[in-house]
Amino acid sequence: MTQRTVAVPPGTIQIAASILSADFAELGRDIAAVERGGADLIHIDVMDGHFVPNITIGTPVVRAIKRVATRPLDVHLMIEQPERYVDDFVGAGADLLSVHVEAARHLHRTIAHIKSRGVLAGAVLNPSTPASALEEIAGELDFVLVMSVNPGFGGQEFIPQSVEKLRRVREVLARGGCSVPIEIDGGIDHANAADVVAAGATILVAGNAIFGAADPEAATRALRAACGSATRA
Ligand code: DX5
Ligand code: ZN
């Protein structure tokens with residue numbers, strides 16, 4: 001069994017750099033830059049052209065990233081029937097693996113399977129999926145991912161209602177007696193970082209705000225600074 005569980009302590013802030021907006025011809029260079037800038041996680045968006053309109057990255061690229069990255073790989077599966085690919089992405093080097101509640105028909109089984117492989121398991125909510133969708137699964141999760149754009153593309157505008165959604169997710173988790181990290185993904189930048197942290201987000205995914213900047217290393221530092229007084233452990 002693969003055993004590579006990494007701790008994502010609740011209450012501390014982590015920056016997950018989304019390589020979707022990186023230069024794919026210079027991935028190693030770009031990953032090294034955000035790691036120097038203090039990125040805690042490397043966020044990898046896997047899209048299948050069915051669950052979302054776009055097609056992006058598969059296991060060969062994840063495996064290649066694993067060879068050069070020094071931070072845990074946070075693999076976000078935007079694919080139908082994600083259970084079919086859990087073992088492949090674990091084998092390729094995922095440290096955190098998240099599946100959409102809208103795509104995983106037997107979510108409980110899929111989450112249990114991810115955890116059985118020694119990888120942190122997360123459930124993802126699309127913007128239109130209510131926080132209450134987590135009620136029966138909250139106790140099984142290692143983390144929750146709240147989409148603050150409709151998944152499929154980088155560089156989209158943050159949906160403002162996502163701030164209230166974070167609060168509702170936090171309430172659902174608290175009612176279930178669990179305080180797992182809440183990740184937010186989509187349109188995160190220096191202007192909204194403090195708001196999402198105040199609402200309960202503890203892992204901030206950023207693609208365009210980091211790799212769309214002239215200096216991704218500095219942009220990673222700036223994003224953490226924008227989170228306010230909250231800092232990572
Ligand atoms: C969107 C992806 C995101 C995306 C975020 O479907 O899940 O991870 O890369 O990119 P930005 O920060 O540019 O919105
Ligand atoms: Zn993502």
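Worth pointing out:
- From Leu125, Leu120, Leu141, residue being closer than 25 Å to Ala39 by Cβ and in contact (Cβ under 8 Å) with a residue 60 or more places away in the chain: Leu120
- If you go through the range 162-187 and keep only what is of a type outside the set (Ser, Thr, Tyr) and within 14 Å of Pro127 (Cβ to Cβ), you end up with Val163, Glu164, Lys165, Leu166, Arg168, Val169, Ile184, Asp185, Gly186, Gly187.
- Residues within the range 158-186 that are modelled with pLDDT of 95 or more and at positive phi, tallied: 1
- Among residues of the range 196-223, those that are within 15 Å of ligand 1 (Cβ to nearest atom) and either more than 18 Å from Met78 (Cβ to Cβ) or among the acidic types (Asp, Glu) (or both), counted: 13
- If you go through the range 39-56 and pick out every residue that is within 11 Å of ligand 1 (Cβ to nearest atom) and either open to solvent by less than 40 Å² (accessible area, probe 1.4 Å) or closer than 19 Å to Asn208 by Cβ (or both), you end up with 9.
- Among the conditions (1) open to solvent by 10 Å² or more (accessible area, probe 1.4 Å); (2) within 17 Å of Gly38 (Cβ to Cβ); (3) more than 15 Å from ligand 2 (Cβ to nearest atom), the only one that Cys178 does not satisfy is (2).
- Test: residue in the range 67-83 that is within 16 Å of ligand 1 (Cβ to nearest atom), closer than 22 Å to Val180 by Cα and surrounded by fewer than 22 Cβ atoms within 10 Å (Cβ to Cβ): yes
- Looking at Thr12, Thr70, just one residue is touching a Lys or Arg at 6+ places or on another chain (Cβ under 9 Å) and not in a helix (DSSP H, G or I), and that residue is Thr12.
- The number of residues in the range 50-94 that are among the aromatic types (Phe, Trp, Tyr) and more than 19 Å from Asp185 (Cα to Cα) comes to 2.
- The range 116-136, residues that are crowded, with 19+ Cβ neighbours inside 10 Å and more than 16 Å from ligand 1 (Cβ to nearest atom): Arg117, Val119, Leu120, Ala121, Ala131, Leu134
- Residue check for Glu35: in a loop (DSSP other than H, G, I, E, B) and either at pLDDT 95 or above or touching a helix residue (DSSP H, G or I) at 6+ places or on another chain (Cβ under 6 Å) (or both): no
- Gly91 farther than 30 Å from Ala218 by Cα, more than 12 Å from ligand 1 (Cβ to nearest atom), in contact (Cβ under 8 Å) with a residue 40 or more places away in the chain and surrounded by fewer than 16 Cβ atoms within 10 Å (Cβ to Cβ): yes
- Scanning the range 203-233 for residues that are away from ligand 2 (no atom under 16 Å from the Cβ) and outside any helix (DSSP H, G or I) returns Ala213, Ala214, Asp215, Cys227, Gly228, Ser229, Ala230, Thr231, Arg232, Ala233.
The values are calculated or read from the model by the stated rules, or taken from the named source; none is laboratory data. Note that the structure is predicted; figures quoted are calculated from it, not measured. Don't worry about glycine lacking a Cβ; one is built from the backbone with ideal geometry, like all the others, and counts go over all protein chains shown. Side chains are part of the model used for accessible areas, which takes the heavy atoms of the whole protein and leaves out ligands, DNA and RNA. Shrake-Rupley method; radii C 1.70, N 1.55, O 1.52, S 1.80 Å.
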